[in-house]
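These notes are about the structure you will find just below.
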Amino acid sequence: MNDNSTFTRLATKEDVPALANLMNELGYPTTVAEMEQRFALLQTSTDYLTWVAICNNEVAGMIGLVRNIYFEKNGLYIRVGALVVNNAYRKIGLGKALLQKATDWAVENGITQIYLNSGNRNERIDAHAFYKHLGFEPRSTGFVKTL
């Protein structure tokens, strides 16, 4: 990763088309209009943050974070709502840098845990290994009911 051409920053409205492309790459079909609506809603709460990784002057990755309150104990935790790096920019440290941003935000807010979910699909095996390498532990099973 070249420090002169790679950095992270908070996402802006101008990043919405790139965010839509990244959601598509993550496997969630998203139009720019849909992403505009989502991003506008996310911007209404300080509990939501979106950082982008910039490489060679383009948005190459993103992480979306949510600050949550525990029900089962005192305190707060961070949930990674989305994490994706454009396939052309993988394996150069952008995902790690984005997760470091999440860690920094958590520590700055006195938060000691970060949660993330990753689908149980064959194409996610490399992502699971990446998360384990960075110290994340598989601990729970998630359930979804579509209404």
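The values are calculated or read from the model by the stated rules, or taken from the named source; none is laboratory data. None of the values given here were measured: they were computed from a predicted structure. In this analysis, Cβ positions are derived from the backbone assuming ideal geometry, glycine residues included, and neighbour counts consider all displayed protein chains.
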On the given criteria, is residue 86 modelled with pLDDT of 95 or more and at negative phi? yes
Take residue 50 and decide whether it is surrounded by fewer than 11 Cβ atoms within 10 Å (Cβ to Cβ), of a type in the set (Val, Ile, Thr) and either under 14 Å from the mean Cα position of the chain (by Cα) or over 13 Å from residue 22 (Cβ atoms) (or both). no
Matching residues, region 51-85, being farther than 16 Å from residue 11 by Cα and part of a strand (DSSP E or B): 67, 68, 69, 76, 77, 78, 79
From 88, 106, residue being closer than 19 Å to residue 46 by Cα, over 11 Å from the mean Cα position of the chain (by Cα) and either free of Cβ contacts under 8 Å to residues at least 12 places away in the same chain or assigned to a helix (DSSP H, G or I) (or both): 106
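Could you run through region 1-30 and say how many residues are within 22 Å of residue 119 (Cα to Cα) and surrounded by 12 or more Cβ atoms within 10 Å (Cβ to Cβ)? It would help to see each step written out before you state the result.
We begin by selecting, within region 1-30, every residue within 22 Å of residue 119 (Cα to Cα); these are 19-30.
Then keep just the ones that are surrounded by 12 or more Cβ atoms within 10 Å (Cβ to Cβ); that gives 19-26, 28, 30.
Final tally of qualifying residues: 10.
Can you tell me how many residues in region 91-103 are among the charged types (D, E, K, R) and part of a helix (DSSP H, G or I)?
Qualifying residue count, region 91-103: 2.
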Does region 113-139 hold any residues that are of a type in the set (Val, Ile, Thr) and over 21 Å from residue 101 (Cβ atoms), and which are they? 125
